[in-house]
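J.: Next up is a structure, given as structure tokens.
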Amino acid sequence: MSLGGSQLKPDARGKVTGEALYAGDYQPKDLLHAKAVFTNEPHARILSLDTTAAQAVEGVVMVLTAAEVPVNEYGLTMADQPVLVGPSSSGKSSVPCDISRWEADHLAIIVAESPEICDQAALLIEAEWEQLPLVPDLEAALAEGATRVHAENEFDSNTYHHIVIRKGDVTKAFADADVIIEGSYSLP
């Protein structure tokens, strides 16, 4: 080995030829698989959930719903969404877990002996929904009398969070600035 020279990684040949095994190539004995089942509802309240047929599929180990995961809310900046949407709630959270607020909210987690069994069981879950008014974009969310996405929050609007930042003398900063750029900007 020389300083500054190009070195061949010891496992390079096996990786480029397909001989090397990756973590996903190892299948431990009795490995179980899990699948998250989405609500596919952009804004709806769940009225009933029946997982009986899914649980009866041979090879299904368990089907988890909000009933098995009480007080299951989470969020990036505040606990404002449930891990699993379901008709039952412990009442310990201010966030209703019976409302799907986007299509990718989770309805259930299926644990089974294979991915195919998970897929089969997912198709057998029955949910009844009450459709709620959609809030399709920012303008609709901010409109007077808009449907509240989080009616449990402290605001009388769809305001998510309100932070007031006051630092320094803004009037002086503008007066001292060499360049001022003002405009309207849209972000995805």
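The values are calculated or read from the model by the stated rules, or taken from the named source; none is laboratory data. Being a predicted model, the structure only gives us computed values, none of them experimental. Don't worry about glycine lacking a Cβ; one is built from the backbone with ideal geometry, like all the others, and counts go over all protein chains shown. When the accessible area is computed, the model is the full protein with side chains, heavy atoms only, and any ligands, DNA or RNA have been set aside. Shrake-Rupley method; radii C 1.70, N 1.55, O 1.52, S 1.80 Å.
J.: Dipole size in debye (nearest 20) for the chain around its Cα centre, Lys and Arg Cβ +1, Asp and Glu Cβ -1?
T.: Charge dipole of the chain: 780 debye, to the nearest 20.
J.: Rounded to the nearest 500, what is the 222 nm mean residue ellipticity of the chain from helices alone, with -39500 (n - 2.57) per DSSP H run of 4+ residues and division by all residues?
T.: It lands at -3500 deg cm²/dmol.
J.: Let me ask something additional. Under 1.5 on a/c is rounded, so check that first for the stretch 62-115, then, if it is not, pick prolate when a/b is larger than b/c and oblate when it is not; a ≥ b ≥ c are the square roots of the alpha carbon gyration tensor eigenvalues.
T.: Note, shape of the stretch 62-115 comes out prolate.
J.: Any chance you could run the full-extension gain for Ala34 through Val170? It's 0.36 nm times the residue separation minus the Cα-Cα distance, nm to one decimal.
T.: Details: separation 136, 0.36 × 136 = 48.96 nm, distance 5.38 nm.
Extra length available between Ala34 and Val170 comes to 43.6 nm.
J.: Go through Val111, Gly4, Trp129 and say which Cα lies farthest out towards the positive end of the charge dipole of the chain; charges sit on Cβ, +1 for Lys and Arg, -1 for Asp and Glu.
T.: The listed residue farthest towards the positive side: Gly4.
J.: Can you tell which of Ile165, Ile99, Ile46 shows the greatest fluctuation in a Gaussian network model of the chain with Cα springs below 10 Å?
T.: Ile165
J.: Using a 1.4 Å probe and ignoring any ligands, DNA or RNA, find the accessible area of Phe155 and quote it in Å² to the nearest 10.
T.: Looks like 50 Å² after rounding.
J.: Express the carbon and sulfur contribution to the solvent-accessible surface of the chain as a percent, rounded to the nearest whole number, probe 1.4 angstrom. Walk me through the numbers before you get to the answer.
T.: Working: 7690 of 13790 Å².
Heavy-atom surface of the chain belonging to carbon and sulfur, 1.4 Å probe: 56 percent.
J.: Name the residue farthest towards the positive end of the dipole of the stretch 12-102 from the options Thr51, Ile99, Ala79, assuming +1 on Cβ of Lys and Arg, -1 on Cβ of Asp and Glu, about the Cα centre.
T.: In the stretch 12-102, that residue is Ala79.
J.: Any idea of Val149's accessible area? Nearest 10 Å², probe 1.4 Å.
T.: 40
J.: Follow-up. Given a 1.4 angstrom probe, what's the average accessible area per residue across the stretch 29-188, in square angstrom?
T.: That works out to 69 Å² per residue.
J.: Please list log₁₀ I(q)/I(0) at q = 0.10, 0.18 Å⁻¹ for the chain, using the Debye equation with identical point scatterers on the alpha-carbon positions.
T.: -0.68, -1.21
J.: Compute the relative contact order of the stretch 81-185 as a whole-number percentage, counting only Cα pairs closer than 8 Å that sit 6 or more residues apart in sequence.
T.: Over the stretch 81-185, the number comes to 16 percent.
J.: With a cut-off of 8 Å between alpha carbons and a minimum separation of six or more residues, what is the relative contact order of the stretch 7-114 in percent?
T.: Rounded, it is 37 percent for the stretch 7-114.
J.: How many angstrom lie between the C-alpha centres of the stretch 141-182 and the stretch 12-87?
T.: Here the answer is 37 Å between Cα centres.
J.: Hey, what do the phi angles of the stretch 130-146 turn into as Karplus ³J(HN,Hα) couplings, whole Hz, using 6.51/-1.76/1.60 and θ = phi - 60°, x for Gly and Pro?
T.: Listing the rounded values in order: 9, 5, 10, x, 7, 10, x, 7, 4, 4, 5, 5, 8, 5, 4, x, 4 Hz.
J.: So, one more: What's the longest uninterrupted piece of the chain once you rule out the trypsin sites (Lys or Arg not before Pro) that are loop residues per DSSP with at most 11 other Cβ within 10 Å?
T.: So the longest stretch without any such site is 93-165.
J.: Checking the a/c ratio against 1.5 first, then a/b against b/c, what shape does the Cα gyration tensor give for the stretch 86-188?
T.: Prolate shape, in that a/c is at least 1.5 and a/b is the bigger ratio.
J.: What per residue convex hull volume, in Å³, do the alpha-carbon atoms of the stretch 21-129 yield?
T.: Expressed per residue, the convex hull around the Cα atoms of the stretch 21-129 is 119 Å³.
J.: Please list Asp11, Asp156, Asp30, Asp169 from largest to smallest accessible area, probe radius 1.4 Å, with all protein chains kept in place.
T.: Most to least solvent-accessible, the answer reads Asp156, Asp30, Asp169, Asp11.
J.: Another question, if that's okay. Would you mind calculating the relative contact order of the chain from Cα pairs under 8 angstrom and at least 6 residues apart, reporting the percent as a whole number?
T.: On the way: 281 pairs, mean separation 45.2, N = 188.
Here the relative contact order equals 24 percent.
J.: Roughly how many Å² of Tyr160 are accessible to a 1.4 Å probe, to the nearest 10?
T.: 100
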